[in-house]
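The structure under discussion appears below in the form of structure tokens.
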Amino acid sequence: MAEATIQVKHKIGLHARPAALFVQTANKFKSKIKVKNLTATGDFVDAKSIIMVLTLGVMKDHKVLIQTDGIDADLALDALKSLIENNFGEA
């Protein structure tokens, strides 16, 4: 299992297009991927489900914990970290 805590800097957080990109990226991997909003209280949700990711209510500057488990866990974690750290491809 691999995990990382990352602060979301996108102006609208993990909603709409950023959430869709996050889920699309997660779905490229075979590993089980979970995400949790550490800033707000709540449980882990399936990172491959757009509905579940949206329920997290991740806003700008919230911290999320991503956990990956499986054959490509490290690659999945690296891809999701990179997506968030690079502001979902926006300036």
Size of electric dipole in segment 2-89: Cβ of Lys, Arg +1 and of Asp, Glu -1, about Cα centre, debye, nearest 20
280
Given a Förster distance of 30 angstrom, what is the FRET efficiency for residue 51 paired with residue 75, based on the Cβ-Cβ distance and rounded to 0.05?
0.75
Here Rg/Rh (Cα, Kirkwood) for the chain equals 0.92
Ranking of 11, 81 by count of other Cβ atoms within 10 Å, fewest first:
11, 81
Farthest toward positive dipole pole in segment 21-78 [+1 Lys/Arg, -1 Asp/Glu at C-beta], among 66, 45, 31
45
Work out how much length residue 16 to residue 32 would gain on full extension: take 0.36 nm times their residue separation and subtract the Cα-Cα distance, in nm to one decimal.
3.5 nm
Go ahead and collect, in residue order, the members of segment 29-55 whose backbone nitrogen is under 15 Å from a label point 7 Å along the Cα-Cβ direction of residue 3.
32-39, 42-47
For segment 1-62 versus segment 68-83, the gap between their alpha-carbon centres in whole angstrom:
13
Suppose a student asked you for the relative contact order of segment 2-89, using Cα pairs under 8 Å spaced at least 6 residues apart; what percent would you report?
45
If we count other beta carbons within 10 Å of each Cβ, what is the order of 45, 53, fewest first?
45, 53
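Every number here is computed from the coordinates shown, using simple stated rules; none is lab data. Keep in mind the model is a prediction, meaning the values are calculated, not measured. Neighbour counts run over all protein chains shown; Cβ positions are idealised from the backbone, glycine included.
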